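The structure appears below as C-alpha cells.
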Amino acid sequence: MKPWMKWTLTVLIGAVLVHVAATWALPRVIMDVAMTRIGGEVGTNQFSHAARASHEFKAVVRPSPDLNYSICVLDVGAGPVHIEAPVSTPYTSISVFAANTDNVFAKNDKDAAADGTVSVIVALEGTEIADATADVVYLPGDKGLALVRRVITSDAQNAELNAMRENSICAPLGS
C-alpha cells in the first residue's frame, strides 16, 4: 500500500472514531455537568426553583424570561421518584430527560388531572410499579432530569407562580 493511502486511511478511521465518540459522549457530558450544577445546589430528587431568566442568569440552556423553571435532578437507582406540579394558566408542562439528553416524557396542563396537577412516576427500566396513580416513565439509566415550565404573563403573576411552585413535589415514591 502506498504511503499516502495509509495516511488517508488512518485519518479516515480516526475521524470516524472521533465522530462516534463525540456523538455518544457529548450529550452525556453536557447532561452530567447540568445535573451536577443543579444537584449540587439542592441534591437529588427535590426541586430547585430557578430565578427568572435574565441576561445575567441562565439556569437552563437558552432560557426564556417568559418562563418560570423548576428543575429536579433524578436518581431512580434506589427506587421510583414521584413528580407532581400544580398547573397554572396559561401553560404548564413537565418534561423528563434521560442522562443522555433524550426527552423521554412530556405532559402539559391540557392533560392535567381533575385536581389541577400534572403528575408522573419516574423509574428505572425493569422496575415494577404497582397501582400507579400517575403516568409511569422508565429511564434507561438511574439518572435523569425533570423540568417544569410555566408561562409568566406578568411580574405579579410570577410572584404567584413562585408561591405555587413551592407546592410541587419531586421525592422518592411513597415518601
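The values are calculated or read from the model by the stated rules, or taken from the named source; none is laboratory data. These numbers were taken from a predicted model, which means no experiment stands behind them. Note: ideal-geometry Cβ built from the backbone for every residue, glycine included; neighbour counts use all protein chains shown. For the accessible areas, the whole protein counts, side chains as well, though only heavy atoms, and no ligand, DNA or RNA atoms are used. Shrake-Rupley method; radii C 1.70, N 1.55, O 1.52, S 1.80 Å.
Numbers at a glance
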| read-out | value |
| --- | --- |
| Residue under evaluation V16, criteria (1) surrounded by 10 or more Cβ atoms within 10 Å (Cβ to Cβ); (2) modelled with pLDDT under 85, criterion not met | (2) |
| The listed residue being over 28 Å from N162 (Cβ atoms) and open to solvent by 20 Å² or more (accessible area, probe 1.4 Å), out of D102, D66, D115 | D102 |
| Restricting region 132-143 to residues that are assigned to a loop (DSSP other than H, G, I, E, B) and either free of Cβ contacts under 8 Å to residues at least 12 places away in the same chain or under 18 Å from D75 (Cβ atoms) (or both), the residue that is least open to solvent (accessible area, probe 1.4 Å) | G141 |
| Number of the condition not met by G79 [criteria: (1) in a loop (DSSP other than H, G, I, E, B); (2) surrounded by fewer than 13 Cβ atoms within 10 Å (Cβ to Cβ)] | (2) |
| Close pairs (6 angstrom Cβ cut-off, 6 or more residues apart or separate chains): of a type in the set (K, R) in region 95-109, modelled with pLDDT of 90 or more and crowded, with 19+ Cβ neighbours inside 10 Å anywhere | K107/I94; K107/V118 |
| Qualifying positions in region 114-126 - modelled with pLDDT under 90 and more than 24 Å from V87 (Cα to Cα) | G126 |
| Filtered residues of region 144-168 (kept if open to solvent by 10 Å² or more (accessible area, probe 1.4 Å) and either closer than 14 Å to H82 by Cα or in contact with a Gly (Cβ under 8 Å, 6 or more places away or on another chain) (or both)) | L145, L147, N167, S168 |
| Of residues in region 82-98 being buried (at least 19 other Cβ atoms within 10 Å of the Cβ) and under 13 Å from the mean Cα position of the chain (by Cα), the one nearest to Q157 (Cα to Cα) | S93 |
| Residue match in region 69-86 (condition: modelled with pLDDT of 80 or more, over 15 Å from I169 (Cβ atoms) and out of contact with any Leu (no Cβ under 9 Å at 6 or more places or on another chain)) | yes |
| Residue list for region 19-33, filter: at pLDDT 80 or above and open to solvent by 90 Å² or more (accessible area, probe 1.4 Å) | H19 |
